[in-house]
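For reference, the structure is listed below as structure tokens.
The values are calculated or read from the model by the stated rules, or taken from the named source; none is laboratory data. These numbers were taken from a predicted model, which means no experiment stands behind them. Glycine gets a Cβ as well: all are built from the backbone with ideal geometry, and neighbour counts include every protein chain shown. What goes into the accessible areas is simple: the full protein's heavy atoms, side chains included, and nothing from ligands, DNA or RNA. Shrake-Rupley method; radii C 1.70, N 1.55, O 1.52, S 1.80 Å.
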Amino acid sequence: MPINKRLPSCLKALFINCSLGSCFNKSALSIALAMSAGYVQAQDIDFDIPAQSLSSALQSFGQQANLQVLYRPENVDGKRSSAIQGKRTSSQALTELLRGTGATPRIEGNTATISFGDTSSLELDSITIQGSQLGTTTEGTGSYTTGTTAAATALPLSIRETPQSVSVITRQRMDDQNMRTVGDVLANAAGIATPQLDSERITFTSRGFSIADIQYDGTSTYYKSNYSAGESELDTVIYDRVEVVRGATGLLTGAGEPSASINLVRKRADSKVFRGEAQVSAGTWDNYRSTLDLSGPLSADGAIRGRLVGAYQDKKAFFDRYSRENQTLYGVLDFDLTEATTLSVGASYHKSDAEGLTYGGVPLWYSDGSKTDYGRSFTVAPKWNMEEIEVRNVFVNLDHHFDNDWKAELRLMHSRSEVDNARLFMWGVPDVNTNLVSLTPSRARFPGHREQDSLDARVSGPFQLFGRTHEAVVGFSRFDHEYKFYRVGTSTPWSSPLDVDDFGHAPEPVWNYATTTLSERNHTRQNAGYTAVRLSLADPLKLILGGRFTRYDREGAGWASSGQYAYKDQKFIPYAGLVYDLNQTYSLYASYTSIFNFQDLRDRSGKWLDPVEGDAYETGIKGEFLDKRLNASLAVFKIVQDNLGQADTGYLVPGTTTEAYRATSGATSKGVEFELSGALTDNWNAFFFATHYSAKDAKDKDFNTQLPREMVRLFTTYRLPGDWNQLTVGGGANWQSRIYYEGVGPQKQRQEQSDYLLASLMARYDFTPEISGQLNVNNLFDKKYQTAVNWYGQGIWGAPRNLLASLTYKF
């Protein structure tokens with residue numbers, strides 16, 4: 001059907017689904033926002049469209065003019081538009097909007113067609129129409145939500161269609177809040193708590209449990225905070241979005257973690273015209289950063305495209321003697337091998353050097369049990385406390401679309417992290433009269449590496465059964481993960497006792513590599529097959545059934561080769577989800593999956609704890625509003641686990657300084673979550689999340705009390721109308737309830753942090769369509785708070801009030 005033929009009114013608010021296959025089809029189109037038919041072309045409309053990317057501007061135009069806007073996506077990719085304000089006819093506004101782009105607009109009835117001299121008649125055949133203008137990629141959309149995600153089930157579904165809690169931190173929100181690192185993103189993500197072991201090592205938790213699965217483009221890697229390799233400091237400049245699936249995720253990760261999985265989705269080389277973005281920024285405590293992002297075609301027809309992204313950061317901190325230098329480089333090549341086949345090959349490199357970092361924190365008590373009162377800038381860490389990290393990642397992605405709408409995907413990845421650090425860790429507390437600390441601190445180096453090879457292959461698509469269309473995915477995954485860390489001692493004796501104020505100036509010892517012993521090693525191999533089917537039982541009712549059969553092969557050892565283990569196991573992890581559409585806005589859902597997870601914990605006798613087993617349930621209601629640009633969800637969950645490791649307060653693993661754990665039966669976490677994310681109006685983006693849960697064992701005793709039971713997170717931005725449309729303002733607040741840890745003071749006192757709120761503000765001004773400046777203020781009210789409570793009873797302070805200013809140039 002020719003594109004200039006008026007579409008039926010029942011299609012007036014629908015959009016063309018530009019999947020990979022259809023994007024490569026020469027007849028592929030994009031239909032931007034259209035609210036209704038019956039438009040009168042000569043009518044004056046009060047337009048308010050800011051300077052932005054041309055694709056976003058055309059979407060705003062379609063909304064405000066109540067027109068369907070039809071164009072080829074590759075023709076507007078990388079182009080910018082000028083601002084349009086004031087009363088104009090739609091024809092006048094569209095002509096002005098397209099000035100300098102080489103485009104020719106034509107308006108007939110309720111449809112605006114934009115051609116670039118490439119065709120006189122565009123066809124709609126072979127195009128699938130769906131009800132969302134947002135796709136999976138979030139870059140360039142200006143949105144706080146996404147159209148589809150496969151993070152939970154491996155099937156590309158909208159958030160409303162997914163029977164589990166899924167949150168997406170988009171590129172726009174990362175930019176608005178100036179989230180520079182993965183740690184920044186997760187500290188502001190829905191349902192994620194981020195307690196710190198010290199200045200560098202951050203633990204990620206959700207619903208009362210640790211998160212051990214971090215994915216890259218859907219490929220899982222194992223994360224262990226005490227042997228981290230700079231994951232929290234990874235620069236977000238290379239990512240399009242971060243997807244968080246809360247609850248057990250055994251269908252895709254294999255381990256069945258009951259907390260959440262985190263998926264870092266990298267940017268692609270998707271531009272067929274040259275474009276770039278450069279940014280410089282400066283902030284409190286000599287925090288300087290610069291980035292460059294270049295992408296474009298490498299062949300005349302755009303079938304080969306490339307992208308190069310780099311970032312450099314040099315920063316200090318609010319506490320003494322600290323500095324960190326980060327370097328990030330990312331490159332990717334995308335090849336259209338055929339109209340249906342795309343190959344993506346890429347690599348990333350991250351290097352980080354830090355000095356004066358803390359291991360642990362500062363003493364909170366004197367020897368008589370009275371409280372210390374150190375300022376936030378005080379630290380016991382000397383400048384020779386250091387950490388050097390290099391992370392290399394290479395990946396290959398291959399996608400093929402079949403004529404029957406099935407899709408085949410292959411993901412290969414190799415990653416290796418090299419780590420070396422030197423540390424002083426202070427034990428004990430200062431004497432109340434002399435300020436002396438009598439216990440000898442730990443002084444050691446912990447060099448090591450982590451390496452992983454991963455493969456994931458899957459096919460997915462629709463099939464017909466009993467007169468209805470259903471969907472299925474079948475896949476195989478494999479990973480081989482190994483980490484090995486050593487401990488290097490010193491030949492320099494410690495002069496004890498030492499005044500606590502002098503720890504930060506203690507000289508670096510002579511490292512004695514002859515004392516090198518194994519700190520910990522682990523080698524895990526996993527082979528798994530998984531499948532899921534989405535059955536259309538009726539128009540409003542969809543049932544997802546699936547499972548993953550996984551075989552594990554693990555061997556390793558703990559401190560100084562103690563506690564060696566080697567075992568194999570295999571498990572089937574079932575998954576079930578049901579979604580019922582109440583109407584075009586709301587859906588009810590329920591899901592279930594089982595839990596099976598190894599845990600690298602030992603008890604007071606040195607024995608390794610058995611794997612965790614259990615079940616996870618979730619039910620709730622989801623809604624899509626404002627033409628699917630706003631998502632909301634209300635979820636109730638329950639997680640039941642046996643053999644869950646809990647701190648055995650007062651006991652260490654024999655022969656080590658590692659805290660011992662005990663197995664807990666009947667550990668139950670249950671609670672409720674609410675999330676809202678997306679656009680409230682054309683100019684107003686918002687994110688809101690709130691949760692409350694309880695976590696108790698079979699004896700009704702609270703566990704993991706170091707994690708907050710309640711959290712509220714809010715962030716919003718608003719672009720002013722009229723003459724002030726170049727200004728965007730915003731702000732947010734993160735609140736969490738109290739946390740505590742029993743029996744860690746000198747008289748077995750409880751370490752506690754009361755509930756607290758952190759507020760933030762932002763403002764961005766578009767000087768021109770290409771140049772913008774932004775200011776972010778964090779911890780607006782300068783709240784003093786501990787970022788964590790822990791088994792060693794030391795305080796780790798959160799950052800005081802700080803500012804960050806950025807200047808961005810897009811070309």
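Note on segment 596-626: among residues that are buried (at least 18 other Cβ atoms within 10 Å of the Cβ), of a type in the set (D, E, K, R) and at pLDDT 85 or above, the one that is farthest from residue 249 (Cα to Cα) is 624. Filter segment 342-362 for residues that are open to solvent by less than 10 Å² (accessible area, probe 1.4 Å) and of a type in the set (D, E, K, R) and give the result. Within segment 342-362, no residue meets the criteria. Could you grab the pairs with beta carbons closer than 7 Å, sequence gap of 6+ or different chains, first residue in segment 416-444 and at positive phi, second one part of a strand (DSSP E or B) and surrounded by 15 or more Cβ atoms within 10 Å (Cβ to Cβ)? Filtered contacts from segment 416-444: 428/437. Residues in segment 684-707 that are over 14 Å from residue 259 (Cβ atoms), open to solvent by less than 60 Å² (accessible area, probe 1.4 Å) and under 21 Å from the mean Cα position of the chain (by Cα): 685, 686, 687, 689, 690. When the residues of segment 52-67 are filtered to those that are closer than 18 Å to residue 684 by Cβ and open to solvent by 10 Å² or more (accessible area, probe 1.4 Å), the one that is farthest from the chain's Cα centre (by Cα) is 64. Residues satisfying the criterion are absent from segment 204-219 (criterion: part of a helix (DSSP H, G or I) and either in contact (Cβ under 8 Å) with a residue 60 or more places away in the chain or in contact with a Cys (Cβ under 6 Å, 6 or more places away or on another chain) (or both)). For beta carbons closer than 8 Å, sequence separation of 6+ or different chains, a first residue in segment 459-479 that is among the acidic types (Asp, Glu) and a second that is open to solvent by less than 80 Å² (accessible area, probe 1.4 Å) and part of a loop (DSSP other than H, G, I, E, B), the qualifying pairs are 471/155. The single condition from (1) in contact with a strand residue (DSSP E or B) (Cβ under 8 Å, 6 or more places away or on another chain); (2) within 19 Å of residue 261 (Cα to Cα); (3) open to solvent by 20 Å² or more (accessible area, probe 1.4 Å) that residue 170 fails is (3). Among the residues that make up segment 546-561, is at least one of them in a loop (DSSP other than H, G, I, E, B), crowded, with 16+ Cβ neighbours inside 10 Å and modelled with pLDDT under 90? Within segment 546-561, one or more residues are in a loop (DSSP other than H, G, I, E, B), crowded, with 16+ Cβ neighbours inside 10 Å and modelled with pLDDT under 90. Does at least one position in segment 237-244 carry a residue that is out of contact with any helix residue (DSSP H, G or I) (no Cβ under 8 Å at 6 or more places or on another chain) and free of Cβ contacts under 8 Å to residues at least 40 places away in the same chain? No; the residues of segment 237-244 include none that is out of contact with any helix residue (DSSP H, G or I) (no Cβ under 8 Å at 6 or more places or on another chain) and free of Cβ contacts under 8 Å to residues at least 40 places away in the same chain.
For segment 296-306, the count of residues that are touching a residue at least 24 places away in the same chain (Cβ under 8 Å) and within 20 Å of residue 392 (Cβ to Cβ) is nonzero. On the stretch given as segment 399-435, residues that are under 19 Å from residue 265 (Cβ atoms) and open to solvent by 60 Å² or more (accessible area, probe 1.4 Å) total 2.
Checked against the criterion of being assigned to a loop (DSSP other than H, G, I, E, B), open to solvent by less than 10 Å² (accessible area, probe 1.4 Å) and of a type in the set (Ser, Thr, Tyr), the candidates 271, 199 yield just one match: 271.
Here segment 730-788 is the region considered, the condition is being over 22 Å from the mean Cα position of the chain (by Cα) and aromatic (Phe, Trp, Tyr), and the residue that is surrounded by the fewest Cβ atoms within 10 Å (Cβ to Cβ) is 781. Filtering segment 321-341 to residues that are open to solvent by 20 Å² or more (accessible area, probe 1.4 Å), under 26 Å from residue 290 (Cβ atoms) and acidic (Asp, Glu) leaves only 325. Scanning segment 683-733 for residues being in contact (Cβ under 8 Å) with a residue 40 or more places away in the chain and closer than 17 Å to residue 632 by Cβ gives a total of 7. With respect to residue 459, determine if the residue is open to solvent by 30 Å² or more (accessible area, probe 1.4 Å), modelled with pLDDT of 95 or more and in a strand (DSSP E or B). Here the answer is yes, as residue 459 does meet what is asked. Is it fair to say residue 674 is modelled with pLDDT of 85 or more, among the aromatic types (Phe, Trp, Tyr) and either open to solvent by 60 Å² or more (accessible area, probe 1.4 Å) or outside any strand (DSSP E or B) (or both)? Yes; evaluated as a whole, the condition is true for this residue. All conditions but one from (1) open to solvent by 30 Å² or more (accessible area, probe 1.4 Å); (2) hydroxyl-bearing (Ser, Thr, Tyr); (3) within 23 Å of the chain's Cα centre (by Cα) apply to residue 681; the one that does not is (3). Quick check: anything in segment 384-393 at pLDDT 95 or above, farther than 25 Å from residue 234 by Cα and part of a loop (DSSP other than H, G, I, E, B)? No, the conditions are met nowhere in segment 384-393.
Can you spot a residue in segment 563-585 that is in contact with a Pro (Cβ under 7 Å, 6 or more places away or on another chain), touching a residue at least 24 places away in the same chain (Cβ under 8 Å) and among the small types (Gly, Ala, Ser)? So that I can check it myself, show each step before the final result.
Narrowing segment 563-585 to residues in contact with a Pro (Cβ under 7 Å, 6 or more places away or on another chain): 577-581.
Next, only the ones that are touching a residue at least 24 places away in the same chain (Cβ under 8 Å) stay: 577-581.
With among the small types (Gly, Ala, Ser) added as a condition, the list becomes 577.
Scanning segment 563-585, I find at least one residue that is in contact with a Pro (Cβ under 7 Å, 6 or more places away or on another chain), touching a residue at least 24 places away in the same chain (Cβ under 8 Å) and among the small types (Gly, Ala, Ser), so the answer is yes.
For segment 64-116, filtered to residues that are among the hydrophobic types (A, V, I, L, M, F, W, C) and part of a loop (DSSP other than H, G, I, E, B), the residue that is modelled with the highest pLDDT is 98.
The single condition among (1) assigned to a strand (DSSP E or B); (2) farther than 27 Å from residue 197 by Cβ that residue 419 does not satisfy is (2). The residues on offer are 585, 593, and the sole one that is of a type in the set (Val, Ile, Thr) and crowded, with 17+ Cβ neighbours inside 10 Å is 593.
All conditions but one from (1) within 30 Å of residue 365 (Cβ to Cβ); (2) in a strand (DSSP E or B); (3) in contact with a Ser or Thr (Cβ under 6 Å, 6 or more places away or on another chain) apply to residue 440; the one that does not is (2).
A single entry from 300, 317, 278, 340 fulfils the requirement of being among the small types (Gly, Ala, Ser), more than 20 Å from the chain's Cα centre (by Cα) and within 26 Å of residue 200 (Cα to Cα): 317.
Annotation note: of 280, 265, the sole residue that is β-branched (Val, Ile, Thr), farther than 27 Å from residue 359 by Cα, in contact (Cβ under 8 Å) with a residue 60 or more places away in the chain and assigned to a strand (DSSP E or B) is 280.
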